[in-house]
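Written out below as structure tokens is the structure these notes cover.
The values are calculated or read from the model by the stated rules, or taken from the named source; none is laboratory data. In this text, all values refer to a predicted model and were calculated from it rather than measured experimentally. Counting neighbours? That spans all protein chains shown, and the Cβs are built from the backbone with ideal geometry, glycine included.
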Amino acid sequence: MRVWSSGTFPIDHGLCLPESLEDPYFEWIHWPQASIPFSDDELEYIENLDPIQDSEMLRRELPMIREACLRVLVLCTIFLKEAVSYGLCLADIGEMMSREFRNGEEEPSELEVICIEASKTTDCRGHDS
């Protein structure tokens, strides 16, 4: 008979806060429950997320965390909040974050395209000054 003891065990969260927008893999994206609209409680929870406050807390509590990881956290939290405000479900949001393959080529995700366009706008403004 195996006896279990309680305790803290480290697990690898290396992919939960990546440094860049890579092609995420969402195991759940095609599960039926991912296409169900968010409940009122879930919508309230998402609305109350504060990506800036969360990143500041992580910076304080985990000083070794990389700034690039925190930028991805802020970006994806803002993206989630905006997507939810348009009535998108979790599957829709996951699809927008995932890359597509067309004609054997990998296309950037909708989120990546938004970021590329925002970066171009920011770069252009920086050169105008």
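In table form, for the structure just shown:
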{"item": "Subset of the stretch 70-105 (residues that are of a type in the set (S, T, N, Q), free of Cβ contacts under 8 Å to residues at least 24 places away in the same chain and in the same structural domain as Glu56 (by TED's automatic domain parsing))", "result": "Ser85"}
{"item": "Whichever residue in the stretch 81-108 is among the small types (Gly, Ala, Ser) and part of a loop (DSSP other than H, G, I, E, B) and, among such residues, is surrounded by the fewest Cβ atoms within 10 Å (Cβ to Cβ)", "result": "Gly104"}
{"item": "Residues within the stretch 45-64 that are in a helix (DSSP H, G or I) and over 18 Å from the mean Cα position of the chain (by Cα), tallied", "result": "2"}
{"item": "Filter result (surrounded by 10 or more Cβ atoms within 10 Å (Cβ to Cβ), at pLDDT below 80 and of a type in the set (Gly, Ala, Ser)) within the stretch 11-37", "result": "none"}
